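Written out below as structure tokens is the structure these notes cover.
The values are calculated or read from the model by the stated rules, or taken from the named source; none is laboratory data. For clarity, every value in this text was computed on a predicted model and none was experimentally measured. Every residue, glycine as well, gets a Cβ built from its backbone with ideal geometry; the counts of neighbours run over all protein chains shown.
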Amino acid sequence: MNSRRDVYAVVPIKDTNDAKRRLAGVLGAPRRRELALAMFEDVLATLSRVRQLAGIVVVTADPAAAAIARRYGARVSRQGAHDGHSGAVAAAARRLASQGMLTVPGDIPLVEVDDIRKLVEAHRDASYRGARAFIIVPARDERGSNAVLCSPATVVPLRFGTDSFFPHLTAAKRHGIEPTVLKLPRIALDIDTPDDLAAFLATPSQTRARALVETWRLHESGEGYNEARSG
């Protein structure tokens, strides 16, 4: 049993010039890019304050995202960056090998230090019971997987997508691991659709993403987002 396995955070970020297509009806491409980078920085700012993490790996080929990552002391890797979310995470898992890997998306701006600590503590508790662990946080619709901690990193192959949550539970059990499910509302809210954006704006926060959206005067109602189309 290795209860002292280090945990590294892995954040995949695709080309932000083509970010958040499902917001295209309410935000123009430049503003979608700004929002993607602001949310990513919110996530990194939180991760960088979690002392229980051994480090942060950002998988990206996007220069702006890479520059932000380096400001927060993250290691930048291009391996798997053009292979989609699953490919990027798989490449990072191979590099981390026997270490623990916590992968989170770059579009959960509400995430706080306490949320990440709860995941690391769940990993510690699971490690006391055995050498392998699988902790997962579902998206708010309980279809997607918004955070997964695998220990060791390659213990369960991860395949992300709209309906990845239950397949991930099945995969963990198939590999002989009883998964731990954590319901963490701030991690559960990833911003992909106008409804997600409305839910985000309905939640008070001091995030960069919130400040950015407020500069666009996008508030009051869900239909107000249409002001951003000129962006």
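Of the residues examined, Val181 is not one that is surrounded by 18 or more Cβ atoms within 10 Å (Cβ to Cβ), under 26 Å from Arg94 (Cβ atoms) and at pLDDT 95 or above.
Note on region 108-151: residues that are out of contact with any strand residue (DSSP E or B) (no Cβ under 7 Å at 6 or more places or on another chain) and surrounded by 21 or more Cβ atoms within 10 Å (Cβ to Cβ) total 5. Here Gly55 does not qualify as in contact (Cβ under 8 Å) with a residue 60 or more places away in the chain and under 25 Å from Ala133 (Cβ atoms).
Ala131 - would you say it is more than 24 Å from Thr16 (Cβ to Cβ), touching a residue at least 60 places away in the same chain (Cβ under 8 Å), outside any helix (DSSP H, G or I) and not basic (Lys, Arg)?
Taking the combined requirement at face value, the residue satisfies it.
Just one of the listed residues (Ala93, Ala81, Ala36, Ala67) is over 14 Å from the mean Cα position of the chain (by Cα), of a type in the set (Gly, Ala, Ser) and either outside any helix (DSSP H, G or I) or closer than 17 Å to Ile191 by Cβ (or both), and it is Ala81. Looking only at residues of region 1-33 that are of a type in the set (Ser, Thr, Tyr) and at pLDDT 95 or above, we find that the one that is nearest to the chain's Cα centre (by Cα) is Tyr8. Scanning region 97-128 for residues that are among the hydroxyl-bearing types (Ser, Thr, Tyr) and part of a loop (DSSP other than H, G, I, E, B) gives a single hit, Ser98. For Tyr72, the stated conditions hold: it is of a type in the set (Phe, Trp, Tyr) and either in contact with a helix residue (DSSP H, G or I) (Cβ under 8 Å, 6 or more places away or on another chain) or crowded, with 23+ Cβ neighbours inside 10 Å (or both).
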